[in-house]
Amino acid sequence: MGFAERCLSELKRLTNGYLYMGEVYFTLAELRLLPTICKPLGNQESLIITPYFIGRDFIMEVYWCELIIESVDQITDKFDELLSESGKSSLEEIDQALIDQWDNTHYQVLNDDTNGFLESLQNYIMYMEKRETDLRLEFDTEIDSMRRLVYKIW
């Protein structure tokens, strides 16, 4: 069982999560347990957490707020990928809000850097605590049946 699967299994055991269409999702309050769960598991590997809005008859991925923590041998400049994906040549050409979002959702940590991994995870959780209200306001006005903002661990 891989690292993400062990995190998922332990979080599910502790919280039960939210079952929708055969998949298990967690609230942000439940995700706050992850740093405590991950620390003793050791061998932190890459981890992805994707937020979703789930309503009575729909599910919508909030891909722009997806957490990606990559476990790497050598850390590279995290904004090089942003420049590559945006087709821009410098950060000055990119909106500051997008840079901040990228900075809070994309992390690289050295393979054996448990503290760096846990710090990245905690930073993301704090970032999403601030973003959740804005996301709910933004989408609740557009979709009347909006019910939950939940997260899936990959």
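Rule-based calculations on the coordinates, nothing more; no lab input. Keep in mind that what you see is a predicted model, and the values were worked out from it rather than measured. We place every Cβ from the backbone using ideal geometry, glycine too, and count neighbours over all the protein chains shown.
The relative contact order of the chain, computed from alpha carbon pairs under 8 Å that lie at least 6 residues apart in sequence, is 34 percent. Taking all Cα pairs closer than 8 Å and separated by 6 or more residues, the relative contact order of the range 55-136 comes to 37 percent. Shape analysis of the range 47-154 based on the Cα gyration tensor places the equivalent ellipsoid semi-axes at 27, 18, 11 Å, largest first.
Listed values for the range 31-47 are Karplus-derived 3J(HN,Hα) couplings in whole Hz (6.51 cos²θ - 1.76 cosθ + 1.60, θ = phi - 60°), namely 4, 4, 7, 4, x, 5, 6, 5, 3, x, 5, x, 6, 4, 10, 4, 9, and x replaces Gly and Pro. Straight-line cross-link partners of Lys12 among the lysines, defined as a Cα under 28 Å from its Cα and at least 8 positions apart when in the same chain: Lys39, Lys130, Lys152. Which of Ile37, Ile69, Ile94 ends up with the largest GNM mean-square fluctuation for the chain, with Cα atoms connected below 10 Å? Judging by the Gaussian network model, the answer is Ile94.
Using alpha carbon centroids, what distance separates the range 80-96 and the range 56-72, in Å? Taking the Cα centre of the range 56-72 as reference, the centre of the range 80-96 is 21 Å away.
Multiply the residue separation of Met1 and Ser86 by 0.36 nm, subtract the distance between their alpha-carbon atoms, and state the gained length in nm to one decimal.
Values: separation 85, 0.36 × 85 = 30.60 nm, distance 3.50 nm.
Extra length available between Met1 and Ser86 comes to 27.1 nm.
Using just its DSSP H runs of length 4 or more, each adding -39500 (n - 2.57), the chain gives a mean residue ellipticity at 222 nm of -14500 deg cm²/dmol after division by all residues.
Taking a straight Cα-Cα cut-off under 16 Å and skipping sequence neighbours fewer than 8 places away in the same chain, the lysines within cross-link reach of Lys78 are Lys88.
Think of each Lys and Arg Cβ as +1 and each Asp and Glu Cβ as -1; about the Cα centre, that makes the dipole of the chain roughly 900 debye.
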